[in-house]
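J.: Provided herewith is a single structure, encoded as structure tokens, for subsequent inquiry.
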Amino acid sequence: MNDGEKTGDNQYELPRPDFVTNTDEDYTFEKAGAGASLTYPAEAGSLRKNGHCMLKGNPCKIVEISVSKTGKHGHAKCHIVGTDIFTNKKYEDLCPSTHNMDVPNVQRVEYQLLDADRDEGSVSVLLENGDTKDDLNLPKESSGNYEETAEQLLTALDEGKSLLVTVLVSMDKEKIVSFKEIQS
């Protein structure tokens, strides 16, 4: 009836299980919190100009939004025009004002610039913990030429200036959007 060994005084020591329990393993979570999801829902009627929303599956900055009055049939509608925050391409959408739309989590992060390679288009920056991040690229236009920001950044770097770059992060994408000189 009992598979354990008798230890005396009618007490038994039960055999230990052969499987591993949660407490035996270490879990490491790099990042969690409010920005853990790529998007969050927001009512279309609550969106505002200069805010962000997903249009046709792209993270966009809202440049124009208009709400039509309720008609004989149906709800008020929001006409939203936005530009992709990474490509500057224009997108439009029409949505009932009471329906939810996805809003991308958008962050601006500043890094100290270590180096930029004009030929490769790669950029190396310094993280707060002292490590380097080498997976950023200089921003390019759809034609393949560097954006004006990238050209100005390369010129400032060639002049020996210490720079901070501002990186826009959203939807698992990153883009250098601006830079400034570090004053000594």
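Bear in mind these aren't lab numbers, they're just calculated from the coordinates by the rules spelled out. This is a predicted model, so every value here is computed, not measured. Using ideal geometry, Cβ is built from the backbone for each residue, glycine included, and neighbour counts are taken over all protein chains shown.
J.: Would any residue of region 51-89 have its amide N under 15 Å from a label point 7 Å out along Cα→Cβ of SER97? List them or say none.
T.: Of the residues in region 51-89, 65-80 have backbone N under 15 Å from the label point off SER97.
J.: Shifting gears a bit: Gain in length, SER37 to SER122, computed as 0.36 nm per residue apart minus the alpha-carbon separation, to one decimal in nm?
T.: 27.8 nm
J.: Rounded to whole Hz and in sequence order, give me ³J(HN,Hα) for region 110-126 from the Karplus expression 6.51 cos²θ - 1.76 cosθ + 1.60, θ = phi - 60°, writing x for Gly and Pro.
T.: Result, ordered by residue: 9, 10, 7, 7, 9, 7, 9, 9, 4, 5, 7, x, 8, 10, 10, 10, 9 Hz.
J.: Same structure, new question: Work out the length of the dipole vector of region 39-104 about its Cα centre, built from +1 on the beta-carbon of each Lys and Arg and -1 on the beta-carbon of each Asp and Glu, and round it to the nearest 20 debye.
T.: Here the size comes out at about 200 debye.
J.: Would you mind checking which residues have amide H under 5 Å from LYS77's amide H? H placed 1.01 Å from N; only 5 or more apart, or other chain.
T.: When sequence neighbours closer than 5 places are left aside, the close amide H contacts are SER68, SER97.
J.: D for region 80-184, whole µm²/s, Stokes-Einstein with Kirkwood Rh over alpha-carbon pairs at 4 °C and 1.567 mPa s: what number?
T.: Values: Rh = 15.4 Å.
Roughly 84 µm²/s, to the nearest whole number.
J.: Something else: Starting with the highest mean, order 38-51, 130-143 by the number of other Cβ atoms within 10 Å, averaged over the residues of each peptide.
T.: Going from most to least packed, we get 38-51, 130-143.
J.: What's the local net charge at HIS75, with K and R +1, D and E -1, over the other residues with C-beta under 14 Å away?
T.: Cβ neighbours under 14 Å give a net charge of +2.
J.: From the phi angles alone, apply the Karplus equation (6.51, -1.76, 1.60; θ = phi - 60°) to region 163-169 and give each ³J(HN,Hα) in whole Hz, x where the residue is Gly or Pro.
T.: Going residue by residue, I get 10, 10, 9, 9, 10, 8, 10 Hz, with x marking Gly and Pro.
J.: Here's something else I'd like to know. Check cross-link reach from LYS49 to the lysines: straight Cα distance under 28 Å, and skip same-chain residues fewer than eight apart.
T.: Within the straight-line limit of under 28 Å, LYS49 reaches these lysines: LYS61, LYS69, LYS72, LYS77, LYS89, LYS90, LYS140, LYS173, LYS175, LYS180.
J.: Let me spell out the model: positive unit charges on the Cβ of Lys and Arg, negative unit charges on the Cβ of Asp and Glu, origin at the Cα centre of region 107-181. What dipole size does that give, in debye rounded to 20?
T.: That gives a dipole near 260 debye.
J.: Let me ask another. Work out the P(r) tail for region 33-149: percent of alpha carbon pairs separated by more than 20 Å, whole number.
T.: 56
J.: Give the residue from VAL63, CYS53, ASN100 lying farthest towards the positive end of the charge dipole for region 39-104; charges sit on Cβ (+1 for Lys and Arg, -1 for Asp and Glu) and the dipole is referred to the Cα centre.
T.: Result: VAL63, furthest along the dipole toward the positive end.
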